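Engineer: Got a structure for you, questions after.
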Amino acid sequence: MTKTPLEHPLPASSPPSPPSPPLTGQGRARAVLRNIAIASCLPYLALKAAWIAGSRLGIPDGSSLLDHRTTMIVANAATILMDGSVVVIALLLTQARGLRVPAWLMALPMWTATGLLLPIMAGFPVQLLVGLLGGGTPATANAGRRPFLDDWVFGVVYTGFIVQGLALGALFVLYAKDRWGSLWQGALRDLPDSPTTPALRIGAVVAAVIALVPATMHLLWAAGGTAALNPSRIEERTSGFYALQAVDVLFAAATVAGLLLLAFRRTGKLPLWVPLALAWGGSGAMACWGGWMSIASLTGAQEISDEPTTGMVLLYAVQMLVGAVVVTQGAYFFAERAAAVREAAEPSGPRP
């Protein structure tokens, strides 16, 4: 089996290492996934570019998007950069130079992409299913309200996001196996004790307790409660809204489960990647979507009823706090794992 760079550390006096070899298993499958990920960005990028150029494709008459031309251009340019970064990530995940990128510079953007795409990947199909079962928008919800975008725009854009998420996720798993396979493979029981274990457990418990706050609020909204919701959100609630709140509860539960499993390791035979994936995906969805909603709330609402309440803003902030704690915990966890791998790879006995 090919060893990763982490398994072959070089002494400080060693000459510069040669260029990294091609990713193991590089071939048609990865090339196809890369092309799919890039192609899935094109509809979104094309729409945004058209809107910046002045096109009204998919924007109905009277849409609030037409009120502030400069703001729309700036916002669309920013989202073009965000989606364009998917192209860069897809290329790095399938090229040898991607192995030489600093670990944090690959992991953090992928965690952010996971957090932004996963709620859409889970929530949009749920909304479609609920709509097919009769959970449509109440007749009074849109009465007197200004249109935003044509319905087909959401279908095209969200479908592209789902394809992006699937292709990019598959590529990242293959990349992580090549670069960090020794850090996340194996069983939970294989994790060695560490001097920092008590601190990591305290951090996991703190993050889990904090995560209960958004979990409780989303559960309340899923059950029909209206606490902290603004008037427009209350009027627009549908079966799809309740289903999405339930999905948000699942993300919070995944975060808590992943953190506590990693901290206390009560299920020894469980593969290590399971709690890591739960903490990665759950915390990313909570934090990154909370950050996105916070940014959206700063753009200003056209109507007072659309303005986020103090409770909603605080909820977004708490979700971002959970993400910050989990990222910190993860950094310490993987730093220790990497150090253990390097130590195990060093030859025993005195050095010449």
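Engineer: Do we have any residue at all in the stretch 292-300 that's of a type in the set (S, T, N, Q), within 21 Å of the chain's Cα centre (by Cα) and part of a helix (DSSP H, G or I)? Give the derivation first.
Structural biologist: Step one: list which residues in the stretch 292-300 are of a type in the set (S, T, N, Q), which gives 294, 297, 299.
Now drop any that are not within 21 Å of the chain's Cα centre (by Cα), which leaves 294, 297.
Imposing the further condition that a residue be part of a helix (DSSP H, G or I) reduces the set to 294, 297.
Within the stretch 292-300, one or more residues are of a type in the set (S, T, N, Q), within 21 Å of the chain's Cα centre (by Cα) and part of a helix (DSSP H, G or I).
Engineer: Another question about this same structure. Name the pairs whose Cβ atoms lie under 6 Å apart, with the first residue in the stretch 256-270 and in contact (Cβ under 8 Å) with a residue 12 or more places away in the chain, the second basic (Lys, Arg) and open to solvent by 40 Å² or more (accessible area, probe 1.4 Å), and 6 or more positions between them or separate chains?
Structural biologist: Ala263/Arg201; Gly268/Arg189
Engineer: Okay, next question. Among the residues of the stretch 62-76, are any modelled with pLDDT under 95, of a type in the set (Ser, Thr, Tyr) and under 18 Å from Val153 (Cα atoms)?
Structural biologist: Initial filter on the stretch 62-76 (modelled with pLDDT under 95): 62-76.
Cutting the leftovers down to of a type in the set (Ser, Thr, Tyr) gives us 63-64, 70-71.
Then keep just the ones that are under 18 Å from Val153 (Cα atoms); that gives 63-64.
Yes, some residue in the stretch 62-76 is modelled with pLDDT under 95, of a type in the set (Ser, Thr, Tyr) and under 18 Å from Val153 (Cα atoms).
Engineer: Only residues that are in contact (Cβ under 8 Å) with a residue 60 or more places away in the chain and open to solvent by 40 Å² or more (accessible area, probe 1.4 Å): list them for the stretch 66-91, please.
Structural biologist: Asp67, Thr71, Ala75
Engineer: Here's something else I'd like to know. Counting only residues that are outside any helix (DSSP H, G or I) and open to solvent by 30 Å² or more (accessible area, probe 1.4 Å), how many does the stretch 212-245 have? I'd like the intermediate steps shown before the answer.
Structural biologist: Of all residues in the stretch 212-245, those outside any helix (DSSP H, G or I) come to 223-230, 236-238.
Within this subset, residues satisfying the condition of being open to solvent by 30 Å² or more (accessible area, probe 1.4 Å) are 223-224, 226-228, 236-237.
Number satisfying all stated conditions: 7.
Engineer: List, please: which pairs have Cβ atoms under 9 Å, are six or more places apart or on different chains, and start with a residue in the stretch 50-64 that is over 14 Å from Asp150 (Cα atoms) and end with one that is surrounded by 15 or more Cβ atoms within 10 Å (Cβ to Cβ) and among the polar types (S, T, N, Q)?
Structural biologist: Ile52/Asn76
Engineer: Go through the stretch 187-204 and count every residue that is within 17 Å of Arg342 (Cα to Cα) and either under 24 Å from the mean Cα position of the chain (by Cα) or in a helix (DSSP H, G or I) (or both). Explain how you work it out, then say what you get.
Structural biologist: Taking the stretch 187-204 first, the residues within 17 Å of Arg342 (Cα to Cα) are 190-194.
After this cut, where a residue has to be either under 24 Å from the mean Cα position of the chain (by Cα) or in a helix (DSSP H, G or I) (or both) as well, the list is 190.
The total comes to 1.
Engineer: Taking into account only those residues within the stretch 256-276 that are touching a Phe, Trp or Tyr at 6+ places or on another chain (Cβ under 9 Å) and in a helix (DSSP H, G or I), which is farthest from Gln319 (Cα to Cα)?
Structural biologist: By that ranking, first place goes to Trp273.
Engineer: Right, another one. Taking only pairs six or more apart or across chains, which ones have beta-carbon atoms under 7 Å, a first residue in the stretch 319-335 that is open to solvent by 60 Å² or more (accessible area, probe 1.4 Å), and a second residue that is β-branched (Val, Ile, Thr)?
Structural biologist: As it stands, the answer is Leu321/Ile210; Tyr332/Thr196, since those pairs meet every condition given.
Engineer: Considering each of Val173, Val209, Val205 in turn, give the residue that is of a type in the set (A, V, I, L, M, F, W, C), in contact (Cβ under 8 Å) with a residue 40 or more places away in the chain and open to solvent by 30 Å² or more (accessible area, probe 1.4 Å).
Structural biologist: Among Val173, Val209, Val205, only Val205 is of a type in the set (A, V, I, L, M, F, W, C), in contact (Cβ under 8 Å) with a residue 40 or more places away in the chain and open to solvent by 30 Å² or more (accessible area, probe 1.4 Å).
Engineer: Would the stretch 131-148 turn up any residue that is in contact with a helix residue (DSSP H, G or I) (Cβ under 8 Å, 6 or more places away or on another chain), open to solvent by 50 Å² or more (accessible area, probe 1.4 Å), polar (S, T, N, Q) and not in a loop (DSSP other than H, G, I, E, B)?
Structural biologist: Within the stretch 131-148, not a single residue is in contact with a helix residue (DSSP H, G or I) (Cβ under 8 Å, 6 or more places away or on another chain), open to solvent by 50 Å² or more (accessible area, probe 1.4 Å), polar (S, T, N, Q) and not in a loop (DSSP other than H, G, I, E, B).
Engineer: Working only within the stretch 93-125, note down all residues that are buried (at least 18 other Cβ atoms within 10 Å of the Cβ), among the aliphatic types (A, V, I, L, M) and over 18 Å from the mean Cα position of the chain (by Cα).
Structural biologist: Leu99
Engineer: Determine which member of the set Ala263, Ala228, Ala285 is under 17 Å from Ala122 (Cβ atoms) and out of contact with any strand residue (DSSP E or B) (no Cβ under 8 Å at 6 or more places or on another chain).
Structural biologist: Numbers: Ala263 fails: under 17 Å from Ala122 (Cβ atoms); Ala228 fails: under 17 Å from Ala122 (Cβ atoms).
Matching residue, one of Ala263, Ala228, Ala285: Ala285.
Engineer: For residues that are in a helix (DSSP H, G or I) and open to solvent by 40 Å² or more (accessible area, probe 1.4 Å), scanning just the stretch 46-64, find the one that is nearest to Ser297 (Cα to Cα).
Structural biologist: Checked the stretch 46-64; the qualifying residue nearest to Ser297 (Cα to Cα) is Ile52.
The values are calculated or read from the model by the stated rules, or taken from the named source; none is laboratory data. A quick note: this is a predicted structure, and the numbers were derived from the prediction, not measured. Cβ: placed from backbone, ideal geometry, glycine included. Neighbour counts: every protein chain shown. To get the accessible areas, we keep the full protein, side chains included, count just its heavy atoms, and leave off ligands, DNA and RNA. Shrake-Rupley method; radii C 1.70, N 1.55, O 1.52, S 1.80 Å.
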